[in-house]
Amino acid sequence: MKYRRSPQYFIGVDVGGTKIEAVVVNMGLTEAAHSRVPVETENAGRVTESIALAIQNVLDEVQPGPQELCGIGLGIPGLVNDGKVHLAVNLNMDDYPLAAILSKRFGAPVALENDVRLAALGAYGYVQLQTQCQNMAYLSIGTGISAGLILNGQLYRGANGMAGEIGHVIIQPGGPVCSCGAHGCLESVASGHAIADTAREAVAAGRVSSLSACPLITTQDVFEAAEKQDPLALEIVGRVGRYLSQAIQWLVMGYDVERVVLGGGVTHTAEVFMPAVQAGLEQIRSESELAERMLPLEKVVLMPGDYNAGLWGAVRLARTIK
Ligand SMILES: [Zn+2]
């Protein structure tokens with residue numbers, strides 16, 4: 001006798017600083033509904049309501065029957081352990097049992113993870129479409145810098161769920177002060193913020209540049225000026241490329257990964273971004289046979305700008321819930 005198995009649905013949620021995206025997929029990972037809502041950040045309760053709205057929106061479209069919603073995976077910017085969110089300063093969440101709250105509300109198991117760790121998991125899904133790789137690093141370069149690791153085919157969290165937080169490794173001792181309080185962290189010299197700040201300071205100090213005509217000087221302005229061969233912008237972008245290539249080398253030498261995937265807002269700002277990183281890698285390669293062997297250019301992959309790694313990482317997490 002043939003009988004139809006009831007459908008199974010999984011929800012992935014990506015919580016950002018300004019918006020929340022949710023997607024519901026079936027067993028075959030086909031997207032059934034998608035929702036995007038603004039996040040209200042006044043307090044943890046409002047954030048939770050925003051998340052619940054995004055989830056409810058996709059549920060309303062699919063209307064799963066009892067037992068058909070099998071799991072919700074959710075990525076959030078903060079430290080995540082045991083279903084609780086810690087130190088999510090921008091979302092006013094600390095020691096907050098988000099998984100339990102959402103699980104009770106929607107009657108399904110909920111798994112949480114740090115957003116960049118989950119983006120690494122999503123990036124791994126993207127890489128696996130092209131190559132059978134077991135070890136991969138994801139380097140996110142946006143307003144901040146962070147990384148996530150897949151080792152032996154699994155997301156590697158480390159002891160505290162912090163594995164990959166290399167944005168706060170000091171790369172320029174005595175350099176600019178970082179949001180964490182230290183001086184010269186990778187994030188303080190190579191993030192989107194750092195690129196714009198460096199250009200503003202140079203212009204304020206009297207450096208001649210086409211950037212002095214920009215009202216504010218954004219990261220985008222700096223990349224556009226570099227494309228037009230502005231010497232100051234080229235200098236800044238070149239330096240950022242060198243710092244990021246060093247970060248890529250840390251990841252490759254530290255974990256012997258087969259791929260390093262670059263993602264985050266800054267990576268798609270301009271055509272000059274990847275050439276700057278590749279020039280930095282070429283420099284490292286030219287100095288050492290070991291580096292030449294370990295850092296072939298094809299090891300570094302740029303993630304497409306329209307692939308939401310965080311969201312698809314959340315879906316993958318949802319599917320691992322037992
Ligand atoms: Zn720092």
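Output the number of residues of region 69-80 satisfying the condition of being in a loop (DSSP other than H, G, I, E, B) and open to solvent by 30 Å² or more (accessible area, probe 1.4 Å).
1
Every residue, every condition in (1) buried (at least 19 other Cβ atoms within 10 Å of the Cβ); (2) at pLDDT below 95; (3) closer than 30 Å to ALA108 by Cβ, yes or no:
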{"position": "GLY241", "(1), (2), (3)": "yes, no, no"}
{"position": "LEU244", "(1), (2), (3)": "yes, no, no"}
{"position": "TRP250", "(1), (2), (3)": "no, no, no"}
{"position": "VAL260", "(1), (2), (3)": "yes, no, no"}
{"position": "THR269", "(1), (2), (3)": "yes, yes, no"}
{"position": "ALA279", "(1), (2), (3)": "no, no, no"}
{"position": "ARG285", "(1), (2), (3)": "yes, no, no"}
{"position": "LEU302", "(1), (2), (3)": "no, yes, no"}
{"position": "TYR307", "(1), (2), (3)": "no, yes, yes"}
Region 171-196, subset near the ligand (Cβ under 10 Å from one of its atoms) and out of contact with any helix residue (DSSP H, G or I) (no Cβ under 8 Å at 6 or more places or on another chain), residue nearest to LEU234 (Cα to Cα): GLY184
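Just to check your reading of the model, which residue among VAL80, VAL47, VAL58 is in contact with a Gly (Cβ under 9 Å, 6 or more places away or on another chain) and of a type in the set (A, V, I, L, M, F, W, C)? Explain how you work it out, then say what you get.
Details: VAL47 fails: in contact with a Gly (Cβ under 9 Å, 6 or more places away or on another chain); VAL58 fails: in contact with a Gly (Cβ under 9 Å, 6 or more places away or on another chain).
Checking each option against the conditions leaves just VAL80.
Count, please, the residues in region 158-191 that happen to be surrounded by fewer than 18 Cβ atoms within 10 Å (Cβ to Cβ) and more than 19 Å from LEU262 (Cα to Cα).
Keep residues of region 158-191 that are surrounded by fewer than 18 Cβ atoms within 10 Å (Cβ to Cβ), which gives 158-160, 162, 169-170, 172-177, 179-184.
Then drop every residue that is not more than 19 Å from LEU262 (Cα to Cα), which leaves 158-160, 170, 172-177, 179-184.
Selection size over region 158-191: 16.
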Region 174-190, residues that are at pLDDT below 95 and hydroxyl-bearing (Ser, Thr, Tyr): SER179
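Restricting the search to region 135-156, which residues are open to solvent by 70 Å² or more (accessible area, probe 1.4 Å) and more than 14 Å from the ligand (Cβ to nearest atom)? Let's see the steps before the verdict.
First pass over region 135-156, keeping only residues open to solvent by 70 Å² or more (accessible area, probe 1.4 Å): 143, 152, 154, 156.
Correct list: ASN152, GLN154, TYR156.
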Scope region 30-52; condition surrounded by fewer than 16 Cβ atoms within 10 Å (Cβ to Cβ) and among the polar types (S, T, N, Q); matching residues: THR30, ASN43
All positions within region 22-67 that are of a type outside the set (A, V, I, L, M), in contact with a strand residue (DSSP E or B) (Cβ under 7 Å, 6 or more places away or on another chain) and at pLDDT 95 or above: HIS34, SER35, ARG36, PRO38, SER50, ASN57, GLU61
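Checking the condition modelled with pLDDT of 95 or more and open to solvent by less than 60 Å² (accessible area, probe 1.4 Å), which residue from LEU297, LEU311 passes? Walk me through it before giving the result.
Working: LEU297 fails: modelled with pLDDT of 95 or more.
Among LEU297, LEU311, only LEU311 is modelled with pLDDT of 95 or more and open to solvent by less than 60 Å² (accessible area, probe 1.4 Å).
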Residue in region 105-116 that is modelled with pLDDT of 95 or more, among the aromatic types (Phe, Trp, Tyr), surrounded by 20 or more Cβ atoms within 10 Å (Cβ to Cβ) and closer than 27 Å to LEU53 by Cα present: no
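From the set of residues in region 53-68 that are open to solvent by 40 Å² or more (accessible area, probe 1.4 Å) and in a helix (DSSP H, G or I), which is farthest from PRO7 (Cα to Cα)? Give the steps one after another, and end with the answer.
Applying the first criterion (open to solvent by 40 Å² or more (accessible area, probe 1.4 Å)) to region 53-68 yields 53, 56-57, 60-61, 63, 66-67.
Those still in the list that are in a helix (DSSP H, G or I) too: 53, 56-57, 60-61.
Details: LEU53: 23, GLN56: 18, ASN57: 19, ASP60: 16, GLU61: 15 Å.
Within region 53-68, the match that is farthest from PRO7 (Cα to Cα) is LEU53.
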Boolean, VAL237 is at pLDDT 95 or above and under 30 Å from ARG293 (Cα atoms): yes
Test: residue in region 206-218 that is open to solvent by less than 30 Å² (accessible area, probe 1.4 Å), in contact (Cβ under 8 Å) with a residue 12 or more places away in the chain, within 26 Å of the chain's Cα centre (by Cα) and more than 16 Å from the ligand (Cβ to nearest atom): yes
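The values are calculated or read from the model by the stated rules, or taken from the named source; none is laboratory data. Note that the structure is predicted; figures quoted are calculated from it, not measured. We place every Cβ from the backbone using ideal geometry, glycine too, and count neighbours over all the protein chains shown. Only protein heavy atoms, including side chains, enter the accessible area calculation; ligands, DNA and RNA are left aside. Shrake-Rupley method; radii C 1.70, N 1.55, O 1.52, S 1.80 Å.
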